[in-house]
Amino acid sequence: MSSSAPNSARVIPLRPVPATPVREPLWRDVVGDVLRRARTGQGRTLKDVAEAARISVPYLSEVERGRKEASSEVLAAAARSLGLGLSDVLSLAQDELTRRIAPSRTAVGRRPMGEVRLAA
């Protein structure tokens, strides 16, 4: 007598199932990291950049930590205060997003999807 039931079937998934779900990065986290790296790379303080951008220090801190989703006006002001254009910040964020996403695409058995294009 067999240990399996006569009418049972083995299920084979069509796609590999990742051991842990892959969490794609949030846009606000990526942009915040870009702004923080630009600021610290210039050796500037939150206060210095916030004053130049005419935004509050706590708000800039929240944006850098990915806690707040900044408007395009705030991002442009922060970018200008760092000597960058909004397009520079978006381009750097695109590069960072592509870097973060590409390994996760291959980790679950899918081919990388190519370039990520962002429109501002």
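Read the figures in this text as sums done on the coordinates, not as results from a lab. The structure displayed is predicted, hence computed values, not measured ones. Cβ placement follows ideal geometry from the backbone for every residue including glycine, while neighbour counts extend to all protein chains displayed.
From the residues Ser87, Val74, Ser61, which one has its Cα farthest along the dipole of segment 27-104 in the positive direction, the dipole being from +1 and -1 charges on Cβ of Lys/Arg and Asp/Glu about the Cα centre? Going by the charge dipole, the pick is Ser61. Between Ser91 and Glu51, residue separation times 0.36 nm minus the direct Cα-Cα distance comes to 12.0 nm. A P(r) calculated from all alpha carbon pairs of segment 27-104, with 5 Å bins opening at zero, reads 3, 18, 30, 28, 13, 5, 2, 1 percent.
With contacts taken as Cα pairs under 8 Å and at least 6 residues apart, segment 27-104 reaches a relative contact order of 37 percent.
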